[in-house]
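The values are calculated or read from the model by the stated rules, or taken from the named source; none is laboratory data. All figures in this text were calculated on a predicted structure; none of them were measured in a lab. When we count neighbours, we look across all protein chains shown, and the Cβ atoms used for this are built from the backbone with ideal geometry, even at glycine. Keep in mind that these areas ignore ligands, DNA and RNA; they rest on the heavy atoms of the full protein, side chains included. Shrake-Rupley method; radii C 1.70, N 1.55, O 1.52, S 1.80 Å.
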Amino acid sequence: MEAEPQLYPVAGAVGAQGDEDQLGVPDGPEAPLDELVGAYPNYNEQEEERRYYRRKRLGVLTNVLAASAGGMLTYGVYLGLLQMQLILHYDETYREVKYGNMGLPDIDSKMLMGINVTPIVALLYTPVLIRFFGTKWMMFLAVGIYALFVSTNYWERYYTLVPSAVALGMAIVPLWASMGNYITRMAQKYYEYSHYKEQDEQGPQQRPPRGSHAPYLLVFQAIFYSFFHLSFACAQLPMIYFLNHYLYDLNHTLYKVQNCGTNSQGILTGFNKTVLRTLPRSRNLIVVESVLMAVAFLAMLLVLGLCGAAYRPTEEIDLRSVGWGNIFQLPFKHVRDFRLRHLVPFFIYSGFEVLFACTGLALGYGVCSVGLERLAYVLVAYSLGASAASALGLLGLWLPRPAPLVAGAGLHLLLTVSLFFWAPAPRVLQHIGVLYAVAVLWGVGSALNKTGLSTLLGILYEDKERQDFIFTIYHWWQAIAIFAVYLGSSLPMKAKLTVLLVTLVAAAASYLWMEQKLRRGVVPRQPRIPRPQHKVRGYRYLEEDNSDESDTEGERGGGRGDSAEEEARPAGPEPGPKPAVVCRRPCPYEQAQGGDGPEEQ
């Protein structure tokens, strides 16, 4: 098999004629200047263009993988640390020996309040922060706040835990809104780089066809949520490899528990106040927290080093230049759009079902019956099921658009109705296989829900000027739902299941009604995005003195600057001698000498 010839010959290589090439032109220092600085005779413009856009596409894939891995590590560290912290602080012996009368339960309640209550006001500042910092830097800043929350656990005091929890609550909605916006923008950029020839034919100002980026968006959202749902499994690693060695078995922790599942009340009523057989050494806790801190720092580096910008610099300027007052108002103005109003119940249910998986299902059905030492394995089953099922979102490439969302809602509907009639007995392990199966199936429904909602928003709202507003509204309603679950944590399990079921039915019906309206051709009412008002005189936005304008453009456009304000001159020959025709603008040196250049006579 012959070797493939090189696309470009090696510079300076000696051919068959010695120091001369095939045309007889000497090579090396004696070569003519045109041969050294001119265009290479074998330059293949199409091949170079193809290679350039292939590198661009690989860069987009790197951005998606880095953002997905950064989100997975960030959320995994946060959940793992919070879970370990709450279990340790729940134990009476640990509180008395380690911290005396400092009041850790009161600190934990205020910390949870800070995490769950602060996002209520996130709709007021999230779009402003994303436009001010930019999408990538908002992601980096929010991941850094998560790392700050991890670092404060080295010194557990009221003045460290509660302020960091409030800061974390402020960063929740900006982080996930910017993540959703970032993945959507990467899908649009991948389409541009894959169809660059069509973009050249249409012109740089021409928008691509509606829905053209949808296949890439489906793939990228499936990748992102495959990583994201793995964060629940990553969060259980400190529990499996560290904390489980210190826990009592279920016969001790569940000794006074009488009712589980649908008959339970609140969260683990009757659970033993001591769950630790031996207290972990402070040195071991510092090691675990240091590992978590290192992982959080790695997530920051991934976002900083491997995630590229979501917008071009000029696009970032345009997004900021619509006015900060307009940026503040636009999320509220989008309520006029009937599509968003119909999707609000699904946004709320999306927050309900995640919290139910982590608290209602994992605690009320899992820990209450099979013990605290198996909590990690229940959540790992949920995580792996959701991560694997995120690939089912790709079915949207072949099935109708409502298929993934309706399938996930139908699966959750069957599971919710089944949980109404299931009350596992405490301290009985015969039904543990059923528990794992329910956790996996619930994860499958969660994956279809999350992937379908994010993809749907990216398809319905393709304009880059409003994507950050849309994802802000989505994650803000999720945060409101999580806050509602936090307030209703003491309700009976049947009340929680009833709320979940009613919300699910309302969400599915409202979504199908929206699709029916779109099929009938009802036009949504979208708020107008104001045109950018550039108040700086940057080189790109000079109106009166365009330094990038050529002479031919100036002549064809009728001139700029003061000529636009001059009155129209009367027709006919002008009195007096005609001025000399100036072929070019004089340079600064000629202006300083008072002349008009070489054309002056």
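Just to check I understand the Karplus step: with θ = phi - 60° and J = 6.51 cos²θ - 1.76 cosθ + 1.60, what whole-Hz values come out for the range 79-96, glycine and proline as x?
5, x, 5, 5, 5, 5, 5, 5, 5, 5, 6, 6, 6, 5, 4, 4, 5, 6
Under a 1.4 angstrom probe, counting protein chains only, how are Arg466, Arg50 ranked by accessible area, largest first?
Greatest to least solvent exposure: Arg50, Arg466.
With a 1.4 Å probe and all protein chains in place, put Ile107, Ile267 in order of accessible area, largest first.
Ile267, Ile107
Between Lys494 and Tyr158, what length in nm is gained on full extension when 0.36 nm per residue of separation is reduced by their alpha carbon distance?
This chain segment gains 117.4 nm when fully extended.
Heavy atoms of the protein only, probe of 1.4 Å, neighbouring chains included. What is the accessible area of Thr269 in Å², nearest 10?
About 90 Å², rounded to the nearest 10.
Between Leu429 and Thr274, what is the label-to-label distance in nm when each label sits 7 Å out along the Cα-to-Cβ direction?
It is 2.4 nm.
Sorted by packing (mean other beta-carbon atoms within 10 Å per residue), highest first, where do 387-395, 95-103 land?
Taking the mean over residues of other Cβ atoms within 10 Å, the ranking is 387-395, 95-103.
Keeping all protein chains in place and using 1.4 angstrom, which order do Ser418, Ser369 fall into by accessible surface area, from largest down?
So, going from the largest accessible area down, we get Ser418, Ser369.
Would you grab the residues whose amide H sits under 5 Å from the one on Leu276? Only those 5+ places off in sequence or on another chain, please, with H modelled 1.01 Å from N.
It is Tyr248, by chain and number.
So what are the range 467-537's ellipsoid semi-axes, whole angstrom, largest first, if each one is the square root of 5 times an eigenvalue of the alpha-carbon gyration tensor?
The three semi-axes for the range 467-537 are 35, 22, 6 Å.
What is the extension gain from Leu304 to Leu518, computed as 0.36 nm multiplied by their sequence separation minus the C-alpha to C-alpha distance, in nm to one decimal?
So the chain would gain 73.0 nm between Leu304 and Leu518.
Enumerate the calculated ³J(HN,Hα) couplings along the range 441-453 in order (Karplus 6.51 cos²θ - 1.76 cosθ + 1.60, θ = phi - 60°), each rounded to whole Hz, writing x wherever the residue is Gly or Pro.
5, 5, x, 4, x, 4, 5, 5, 5, 5, 5, x, 5
If the limit is 26 Å between Cα atoms, which of Lys450/Lys517; Lys464/Lys517; Lys197/Lys450; Lys136/Lys496; Lys197/Lys517; Lys98/Lys494 go over it?
From Lys450/Lys517; Lys464/Lys517; Lys197/Lys450; Lys136/Lys496; Lys197/Lys517; Lys98/Lys494, over 26 Å: Lys197/Lys450; Lys136/Lys496; Lys197/Lys517; Lys98/Lys494.
Tally Lys/Arg at +1 and Asp/Glu at -1 over every other residue whose Cβ is under 13 Å from the Cβ of Leu254; what's the total?
Taking every Cβ under 13 Å from that of Leu254, the sum is +2.
HN-Hα J couplings of the range 425-436 from phi, Karplus 6.51/-1.76/1.60, θ = phi - 60°, integer Hz, Gly and Pro as x?
Whole-Hz 3J(HN,Hα) from phi for the range 425-436: 7, x, 6, 10, 9, 5, 9, 5, x, 5, 4, 5.
Based on the Cβ-Cβ distance of Lys464 and Val291, what FRET efficiency does E = 1/(1 + (r/R0)^6) give at R0 = 41 Å, to the nearest 0.05?
0.60
Rg and Dmax of the range 137-266, Cα atoms, in Å?
Taking only Cα atoms of the range 137-266, I get Rg and Dmax of 23.1, 74 Å.
Under a Cβ-Cβ cut-off of 11 Å, what is the net charge of the residues other than Tyr190 that fall near it, where Lys and Arg count +1 and Asp and Glu count -1?
+3
Calculate the all-directions average of the projected area of the range 122-169's alpha-carbon convex hull, and give it in nm².
Spelled out: convex hull of the Cα atoms, projected over all directions, averaged, 3.4 nm².
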